[in-house]
Amino acid sequence: MAPVRVDLAGGTLDIWPLYLFHEDSLTVNAAIDLYARCTLTARNDSKIELVSHDLKARETYASLSHLRLALRSGKRLRLPLLARLVAEFGDASEGPRAMPQSGNNEAGFTLETDSGSPPGAGLGGSSALNIAICGALNKFTGRRLPPRKLIEIARNVEAQVLRVPAGEQDYYSAMYSGLQAIHLTPHGIEPEKLAADAADFNTRFVLCYSGRSRNSGINNWEVEKAHIDGDRAVIRHFERIARGAAEMREALLRWDWASVAKLINQDWEQRKKNHPGITTPEIEQCIKVARRAGAVAAKACGAGGGGCVLFLVEPGGKPPVEAALRAAGAVLLPCGIAPHGLAVR
């Protein structure tokens, strides 16, 4: 299993090559204890069964070869992420990448997934699920790939499925957990674990689901395309987002909560200027309700504006904000900083 995350600052900058266009780019996020889970069970035959409990979808292939044929056919699959990851880890032509053998046949298995966050929530749920699946397949096939290689596979396969570039930050929170500043540099991605008082952090944040999911990947692509096409307004907004992310890291190192609140609000206002589809009436209503109840900062989760909204409250201010959101029909997602990243049993 692997945790999802809440992003605090610098989202969308983690998509290649955007971070190369801004000096000292980084994103700041916190892994939270809502987990994406993958269970892999060996079978006595060669069938590969893929099951998504949260999507209520199932696909079965007679063998790994049949799964590969389905991918090459170009037909629409119900669970393309699962199928592509199985094919990536099960390439029998490269020795250690082959699936385990059962007699003279490849061993089949049932791969089941479930997510601890709503679809389209903006919590990096698909990326966390991706990491959980990679961890299970890595164990099952005996490949023993290191964490950075699993992240590389997860990111590339997700881009194949989404058909748009995938960001970096979600995989690092899922893999390593905690509060992180993820530095995006020309020589690679460097995660920095920030010291966190989990108890203090957890009392200051409220997370809710607005009831409407968002396709943040598409919003991200529109923004990225505008940036690469030279849209000066978008480029200016990203400069401010990049500066805000650097300031957020400094504020968290000082545990300066007044500055954290200001920067969360600034990040959300800048993000809404990038694309008109980033916010929704449901998100704006949640923010309005929470502010009236005492929230000092708010932003939709996900670089493209997901269905979840994160609020910062003063100490002791969590109960009234939660009560107001619940009365307004929002779904609360109780959570705290995740104590661990990817775990494979």
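The values are calculated or read from the model by the stated rules, or taken from the named source; none is laboratory data. Everything numeric here is computed off the predicted structure, so don't read it as measured data. As a convention, Cβ positions derive from the backbone with ideal geometry for all residues, glycine included, and neighbour counts pool all protein chains shown.
Brief remarks follow.
- Screening the range 310-336 for residues that are at pLDDT 95 or above and β-branched (Val, Ile, Thr) and picking the one that is farthest from VAL6 (Cα to Cα) gives VAL321.
- Criterion (surrounded by 15 or more Cβ atoms within 10 Å (Cβ to Cβ), assigned to a helix (DSSP H, G or I) and either among the aliphatic types (A, V, I, L, M) or not assigned by TED's automatic domain parsing to the domain that holds SER173 (or both)) met by exactly one of ARG243, ARG326: ARG243
- Selection status of GLU222, at pLDDT 90 or above, in a helix (DSSP H, G or I) and not assigned by TED's automatic domain parsing to the domain that holds TYR172: no
- For the range 109-124, a residue qualifies if it is crowded, with 17+ Cβ neighbours inside 10 Å and either within 24 Å of THR60 (Cβ to Cβ) or not assigned by TED's automatic domain parsing to the domain that holds LYS56 (or both), and the qualifying residues are PHE109, LEU111, GLU112, THR113, ASP114, SER115.
- Test: residue in the range 113-129 that is of a type in the set (Val, Ile, Thr) and under 28 Å from HIS22 (Cα atoms): no
- Strands (runs of 3 or more DSSP E) contained entirely in the range 1-66, each with at least 1 residues that are of a type in the set (S, T, N, Q) and in contact (Cβ under 8 Å) with a residue 24 or more places away in the chain: 25-42, 48-52
Each row is one residue, and each column tells you yes or no for (1) outside the structural domain of GLN270 (by TED's automatic domain parsing); (2) assigned to a helix (DSSP H, G or I); (3) crowded, with 20+ Cβ neighbours inside 10 Å.
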position	(1), (2), (3)
PHE311	no, no, yes
GLU314	no, no, no
GLU322	no, yes, yes
PRO339	yes, no, no
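- Enumeration of residues in the range 166-196 that are part of a loop (DSSP other than H, G, I, E, B) and surrounded by 17 or more Cβ atoms within 10 Å (Cβ to Cβ): ALA166, GLU168, SER177, GLY178
- Put simply, of VAL206, VAL161 the only residue that is touching a residue at least 24 places away in the same chain (Cβ under 8 Å), touching a Phe, Trp or Tyr at 6+ places or on another chain (Cβ under 9 Å) and surrounded by 15 or more Cβ atoms within 10 Å (Cβ to Cβ) is VAL206.
- Checked against (1) closer than 20 Å to VAL28 by Cβ; (2) basic (Lys, Arg); (3) more than 15 Å from the chain's Cα centre (by Cα), ARG155 passes all but a single condition, namely (3).
- Residues of the range 37-47 include at least one that is under 22 Å from the mean Cα position of the chain (by Cα), crowded, with 17+ Cβ neighbours inside 10 Å and farther than 30 Å from LEU184 by Cα.
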